[in-house]
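Colleague: The structure that follows is given in the form of structure tokens.
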Amino acid sequence: MQRLTHILLATMALLMLSWPLTLNAKVEDDIYEMSLDENLESPEIKNDKQADKIQEFQYDMAVAFTRSNYDVELMREGEVIVITIPASQLFEANDTVVTKVGQELLKPFLRMIKNPGFYKMLLVMHSDNTGSSDYTLNLTRQRVNAIYDWFDENGTVDYVVPYALGDTDPLVDNNSVENRKTNRRLEIFLVPEKTMLQQAKKGTINMSRMPKN
């Protein structure tokens, strides 16, 4: 469904720029106006017992993704899950259409957004430095748009926020074919949102309450 039109981009100085993209506007916090760092840092979990419950839940979720052969990390003291998918598993070379293999890789994340407000899911697309900065930014913009649209067609995107970073945040030096392949990636950040915080406060948060695919 066509709604709010913009996407946040990083410049070489990692400043965020606007690009056309359809987004949902009916979210309590204006997460679509926030930078990637701001979205990763919020909401802040100040209660230690609440944080412990969320960290335990996120750890179990991270283990489940690891067992499904995803590249998984935890950040923000275990409160945020980071899953990295190589761009080559989502797109053909220089293409912006999500492949069938890519769609299968994205399917497990549909359950993460079936309960809007439980997770905030940040989609961050990266490129290597092949081509101009304008080219790499545009490529990652089109690719993250395609992924966002796939989620929109198959689920709800009320708490899905896309970012296109071009070649501004490489994991390794772009000095070999293998390193450039490593830098071309999608990072999916699963950030606790208000519903998860409420369940953690009540002590009702557990894996069995997660929606099924």
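The values are calculated or read from the model by the stated rules, or taken from the named source; none is laboratory data. As the structure is a prediction and not an experimental result, all values here were calculated from the model. Glycine also receives a Cβ, built like all others from the backbone with ideal geometry; neighbour counts cover every protein chain displayed.
Colleague: Specify the residue that is surrounded by the most Cβ atoms within 10 Å (Cβ to Cβ); the eligible residues are those in the range 112-154 that are basic (K, R) and under 14 Å from the mean Cα position of the chain (by Cα).
Modeller: First, pick out the residues of the range 112-154 that are basic (K, R): 114, 120, 141, 143.
Next, from what is left, pick out any that are under 14 Å from the mean Cα position of the chain (by Cα): 120, 141, 143.
Values: K120: 28, R141: 24, R143: 26.
In this case the residue turns out to be K120.
Colleague: Which residue is modelled with the highest pLDDT, if the candidates are limited to the range 175-204 and must be part of a loop (DSSP other than H, G, I, E, B) and surrounded by 15 or more Cβ atoms within 10 Å (Cβ to Cβ)? Please lay out each step first, then the result.
Modeller: Here is the first cut: in the range 175-204, the residues part of a loop (DSSP other than H, G, I, E, B) are 175-176, 184, 193, 203-204.
Pick out the ones that are also surrounded by 15 or more Cβ atoms within 10 Å (Cβ to Cβ) and you get 184, 193.
Details: R184: 98, E193: 95.
Out of the qualifying residues, it is R184.
Colleague: Also, quick follow-up: Need pairs with beta-carbon distance below 8 Å; first residue closer than 12 Å to N94 by Cβ and within the range 131-154, second part of a helix (DSSP H, G or I); sequence gap 6+ or separate chains.
Modeller: G131/L139; R143/A87
Colleague: From L36, L40, which residue is surrounded by fewer than 19 Cβ atoms within 10 Å (Cβ to Cβ) and modelled with pLDDT of 95 or more?
Modeller: Values: L36 fails: surrounded by fewer than 19 Cβ atoms within 10 Å (Cβ to Cβ).
Only one candidate passes the filter, namely L40.
Colleague: Let me ask another. Considering only the range 47-98, how many residues are assigned to a loop (DSSP other than H, G, I, E, B) and modelled with pLDDT of 95 or more?
Modeller: Narrowing the range 47-98 to residues assigned to a loop (DSSP other than H, G, I, E, B): 47, 68-70, 76-79, 90-98.
Then keep just the ones that are modelled with pLDDT of 95 or more; that gives 68-70, 76-79, 90-92, 95-98.
Of the residues in the range 47-98, 14 are assigned to a loop (DSSP other than H, G, I, E, B) and modelled with pLDDT of 95 or more.
Colleague: If I ask for residues that are more than 17 Å from I188 (Cα to Cα) and touching an Asp or Glu at 6+ places or on another chain (Cβ under 9 Å), which ones from the range 50-70 would you list?
Modeller: A51, I54, Q55
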